[in-house]
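Quick notes on the structure that follows.
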Amino acid sequence: MPPADNVIEEVRHPPWLFYAAGALALAVIVIVVLGMTVARGQGAAIDRAIMLAMRPPSVVAAAQSPGGFRQMMIDITALGGGTVLTIIVASTAGFLAMRRHWLTLVLVLGGTISGSLAVGMIKTLVGRPRPSVIDHLVDAWSASFPSGHAANSATIYLTLALLLMQIVEQRMVRWYLIGVAALLVTMIGVSRVYLGVHWPSDVLAGWSFGTLWALAWWSLGGWLRVRRAQGLPLLP
């Protein structure tokens, strides 16, 4: 383990792949927001088609059985809920404090807390109703756009992975972190559509927002680490 918050090579030379991901996420969120506006709060044809395709009548009975696909989706969706995400952030913050990674600790708390607050404000402002195309398999009360589970899981898991990558030297470990985070975010978003509580466009918007938010804090972290390595004050 390098000294606390040491600057590694990937911080000085950020991979362009992440910049490309940010541009892609921005493009997707623009398309989704425009589509939502045109549809006036209702799901577009592609939204409805995807939801119906995910729950065909031929497999619904099997999915309802104990230990079936339905329960698996409910378990997966819980990984994007407020309780689990709070535990993840608190546990990570505790680990960083014990290892004296103070800069990373501040970035983690700032990125995850502000991201969750932003998602809540967007939900309130848009106020899109929940879909009623298929039965809801879990309870959901808040507005539909964007998917809070998709947005918050992307914001938190990706922010944690990207910021931890800046203090881990082993390349394989860094890619493991981002791979696990991306897999979790994908599964949580898919589960929201399967459970019938979100339009696919809600999930796409949540993924896009969370990806952009995580990339922003990752970029800020890299910039601050380089300034500190050069002996400059963290704030200009």
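The values are calculated or read from the model by the stated rules, or taken from the named source; none is laboratory data. Since we're looking at a predicted model, the values are computed, not measured. Glycine gets a Cβ as well: all are built from the backbone with ideal geometry, and neighbour counts include every protein chain shown. Note: areas computed on protein heavy atoms with side chains; ligands, DNA, RNA excluded. Shrake-Rupley method; radii C 1.70, N 1.55, O 1.52, S 1.80 Å.
General observations
- Trypsin sites (Lys or Arg not before Pro) within the range 67-139: DSSP coil, no more than 15 neighbouring Cβ in 10 Å: Arg99, Arg100
- Filtered chymotrypsin sites (Phe, Trp or Tyr not before Pro), the range 96-189: DSSP coil and at most 10 other beta carbons within 10 Å: Trp141
- Exposure rank, largest accessible area first [His136, His198, His149; 1.4 Å]: His136, His149, His198
- Heavy atoms of Arg48 accessible to a 1.4 Å probe, total area in Å² rounded to 10: 90 Å²
- Along each principal axis, taking the top coordinate minus the bottom one, the Cα set of the range 121-236 gives 57, 33, 18 Å in descending order.
- When +1 charges are put on Lys and Arg Cβ atoms and -1 charges on Asp and Glu Cβ atoms, the dipole computed for the range 115-236 relative to its Cα centre reaches about 420 debye.
- For the range 58-194: Kirkwood Rh in Å [reciprocal of mean 1/r, alpha carbons]: 16.4 Å
- Most positive-pole-ward Cα, Ala140, Val197, Gly231, against dipole of the range 99-236 from beta carbon charges: Gly231
- By the Kirkwood approach, averaging reciprocal distances over each pair of separate Cα atoms, the range 195-236 gets a hydrodynamic radius of 12.5 Å.
- Per residue value of the accessible surface for the range 92-205 (all protein chains in place, 1.4 Å probe), Å²: 41 Å²
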